[in-house]
Each structure stands twice: as structure tokens, then as C-alpha cells.
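The structure appears below as C-alpha cells.
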Amino acid sequence: QVQLTESGGGLVQAGGSLRLSCAASGRTFSSYAMGWFRQAPGKERAFVAVISRSGGLTYYASSVKDRFTISRDNAKNTVYLQMNSLKPEDTAVYYCAAAVAWRVTTPDGYDYWGQGTQVTVSS
């Protein structure tokens, strides 16, 4: 069982930056690939980024590649999402999730989810 808690969301102007954190409970954090998803009002939950169990591999949605960076600290049971050059279309609730398999980009491939954190980018 893994419990996930996101933090770091907020309101930022276009072009600004935010860093999201996702803290995991339990001693099995390093056993899971960790992903970030986002869901805008009226839209389906969409893949953002994923990082492998060791942190050595990452994969991004094309819409955020070169702007967002996913990282993890297994000693702190935490995964991060550094978001730069934010755009209004990045506005959404951001969720972290844990998966046994690597490079899963669909929500149904993840076993555990956080409650989400709101990111709002003003123009």
C-alpha cells in the first residue's frame, strides 16, 4: 500500500515556474515508477511525465517536454515536477501516481493516486 500526497500547486503568471512535490508513505516507494498526470475542467486525465524506479529514465508528454522536469529522491520518498515557462493551457489539477510497470502513460496502468493539487496559470 502506498499513500501519495501532492503539494506545491498555486496561482502563477504565464511564463512563471512552479515545483510540485509528491510525498509517499511506506517503504516500497523505490519499487514503483512514478508518474504525473493532469486534469483540466471538462477534460480527461492526461499523462504528463513518468520516471523509472531508480530515477535514471524519464519520459514526457510532447506538450511539456523541454519545459517540465520530473525527478525523484528515493531516500525522501518524494517525486517532483519542476514546471517552467508555464502557459495558461497548463492549468489543471495535477496528480502523482505509482505504477509497477515502467513508462505507463494511461491512468488505468497506475495502482495508487494522490488527491491532486491545483495549478492555475494566468495570462
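The values are calculated or read from the model by the stated rules, or taken from the named source; none is laboratory data. Fair warning: this is a prediction, and the values are worked out from it, not measured in the lab. FYI the Cβ positions are ideal-geometry reconstructions off the backbone, even for glycines, and counts take in every protein chain you see. Ligands, DNA and RNA are excluded from the accessible area calculation, which covers all protein heavy atoms including side chains. Shrake-Rupley method; radii C 1.70, N 1.55, O 1.52, S 1.80 Å.
Projecting the Cα positions of GLY9, SER31, CYS96 onto the charge dipole of segment 8-105 (unit charges on Cβ atoms of Lys, Arg, Asp and Glu, taken about the Cα centre) puts SER31 furthest along the positive direction.
Dividing the mean sequence gap of close Cα pairs (under 8 Å, 6+ apart) by how many residues segment 6-88 holds gives a relative contact order of 35 percent. When the P(r) of the chain is calculated, the portion above 26 Å amounts to 13% of the C-alpha pairs.
Ligands, DNA and RNA left out, the accessible area of the chain computed with a 1.4 Å probe is 46% carbon and sulfur. Bridgeable aspartates and glutamates around LYS65 (alpha carbons under 13 Å apart, same-chain partners fewer than 8 residues away excluded): ASP90.
A straight line joining the Cα centroids of segment 69-91 and segment 1-52 runs 7 Å. Computed with every protein chain present, the accessible area of THR105 is close to 60 Å² [probe 1.4 Å]. Take the chain with all the other protein chains still there, run a 1.4 Å probe, and you get 51 Å² of accessible area per residue.
Evaluated over the Cα positions of segment 71-123, the convex hull gives a direction-averaged projected area, one quarter of its surface, of 4.6 nm². Relative to its Kirkwood radius, the Cα radius of gyration of segment 1-55 gives an Rg/Rh of 1.01. Picking from GLY42, GLY56, GLY15, which is most flexible by a Gaussian network model of the chain using Cα springs under 10 Å? Sorting by GNM fluctuation, first place goes to GLY42.
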